[in-house]
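Engineer: Quick one: the structure is below, questions incoming.
The values are calculated or read from the model by the stated rules, or taken from the named source; none is laboratory data. All figures in this text were calculated on a predicted structure; none of them were measured in a lab. As a convention, Cβ positions derive from the backbone with ideal geometry for all residues, glycine included, and neighbour counts pool all protein chains shown.
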Amino acid sequence: MQSSPANPPPANAPAAAFTKLREDAQRADRAVRKEIKGLHPSLWRITPPSSENLQALEAQAASRPADSLKLGDTTTVFRTQLACGTPIILKHYLPTKRFETRDILGRSKAMRSLLASEALQHRGFGVAKALGAWSRSGKGSYLVLEDLAGHLAVQKALRKLEGKERLALLTTAADVIRRLHRAGVAYRDLKPSNILVALPGTQCSDFRFLDHDRNRFYKEELPESLALRDLAAFQAGTPRTVRATEQWQAMVVYMPEIKQRETWKRCMPPLLHEAAVRKHHWIARVLLGGC
């Protein structure tokens, strides 16, 4: 199996470059899936922790720590460490049934997240690396992630920065998302809070993707309709401090042809209305006035 590319091709690379990337990545994806064997399988990218260490992590997850990063109806996410002292993020997907066939057959949410995380890496994108995944009958599934404590969620980074620095981060994010779509990836939950960045955030390699539960990977470049849904999710989660003009400049980086009247009429109104439907922050109505 070929090693993963350091970065995807440039956003404006010829179609052949992304075709080869997708084909190579699909072969790598298939090879990883073959590693999943047996009932309630586990998959590790580090030395597997001892059974005692796993039991301790499961007990910690069951207690739902008060200082968790996320305490949701379906997941618990918190910082902890392995017995060896390695800091990690543990994501516990809570059980929904007493007997979950998908978990038994190795298709738990944790395992699918690990596979999606590595599929993004095969396409050249940075992620919070999945270090291991396993499941337990009646207890749900567990995902161990590297702890990127030095990174900020893009949502927070955009609030932290101003002026040229904020615009540089926003336009770099647009370039990365364009590469993502040309690589055939539909993120489907592309909120700024699901993307981490190491400031200043001016290189593709500065970005790390999170939360892969809903990712889909296509053999072709992403259809425009799906791409616009991703863009709407990103815009809906963008802080109010980001100006409409900055959003527009980022959109031009993502899709230079948006300045053409027909493309604008086809893409911008549905994108902005989709963002509004998501009931997040705002809709740049000034952009609906024309271009």
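Engineer: Is it fair to say residue 78 is at pLDDT 95 or above, within 30 Å of residue 221 (Cα to Cα), surrounded by 14 or more Cβ atoms within 10 Å (Cβ to Cβ) and aromatic (Phe, Trp, Tyr)? So that I can check it myself, show each step before the final result.
Structural biologist: Working: at pLDDT 95 or above: yes; within 30 Å of residue 221 (Cα to Cα): no; surrounded by 14 or more Cβ atoms within 10 Å (Cβ to Cβ): yes; aromatic (Phe, Trp, Tyr): yes.
Here the answer is no, as residue 78 does not meet what is asked.
Engineer: Any residue that is basic (Lys, Arg), more than 14 Å from residue 235 (Cα to Cα) and in contact with a Pro (Cβ under 6 Å, 6 or more places away or on another chain) - is there at least one of those in the stretch 171-181?
Structural biologist: yes
Engineer: Being of a type in the set (Asp, Glu), in contact (Cβ under 8 Å) with a residue 24 or more places away in the chain and under 19 Å from residue 130 (Cα atoms), is that true of even one residue in the stretch 13-25?
Structural biologist: no
Engineer: crowded, with 17+ Cβ neighbours inside 10 Å and closer than 25 Å to residue 146 by Cβ - does that describe any residue in the stretch 9-20?
Structural biologist: No, the conditions are met nowhere in the stretch 9-20.
Engineer: Would you say residue 236 is surrounded by 15 or more Cβ atoms within 10 Å (Cβ to Cβ), modelled with pLDDT under 95 and touching a His at 6+ places or on another chain (Cβ under 7 Å)?
Structural biologist: Values: surrounded by 15 or more Cβ atoms within 10 Å (Cβ to Cβ): yes; modelled with pLDDT under 95: yes; touching a His at 6+ places or on another chain (Cβ under 7 Å): yes.
Here the answer is yes, as residue 236 does meet what is asked.
Engineer: Let me ask something else. Being among the charged types (D, E, K, R) and under 15 Å from residue 187 (Cα atoms) is the filter here, so list the residues in the stretch 75-131 that pass it.
Structural biologist: The answer is 112, 118, 123.
Engineer: Is the stretch 54-66 home to any residue that is exposed (fewer than 14 other Cβ atoms within 10 Å of the Cβ) and in contact with a Leu (Cβ under 9 Å, 6 or more places away or on another chain)?
Structural biologist: yes
Engineer: Mind checking which residues of the stretch 87-102 are modelled with pLDDT of 95 or more and either at positive phi or in a loop (DSSP other than H, G, I, E, B) (or both)?
Structural biologist: 94
Engineer: Scan the stretch 38-81 residue by residue and report those that are assigned to a loop (DSSP other than H, G, I, E, B), touching a residue at least 40 places away in the same chain (Cβ under 8 Å) and either among the hydrophobic types (A, V, I, L, M, F, W, C) or over 25 Å from residue 105 (Cα atoms) (or both).
Structural biologist: The answer is 39, 46.
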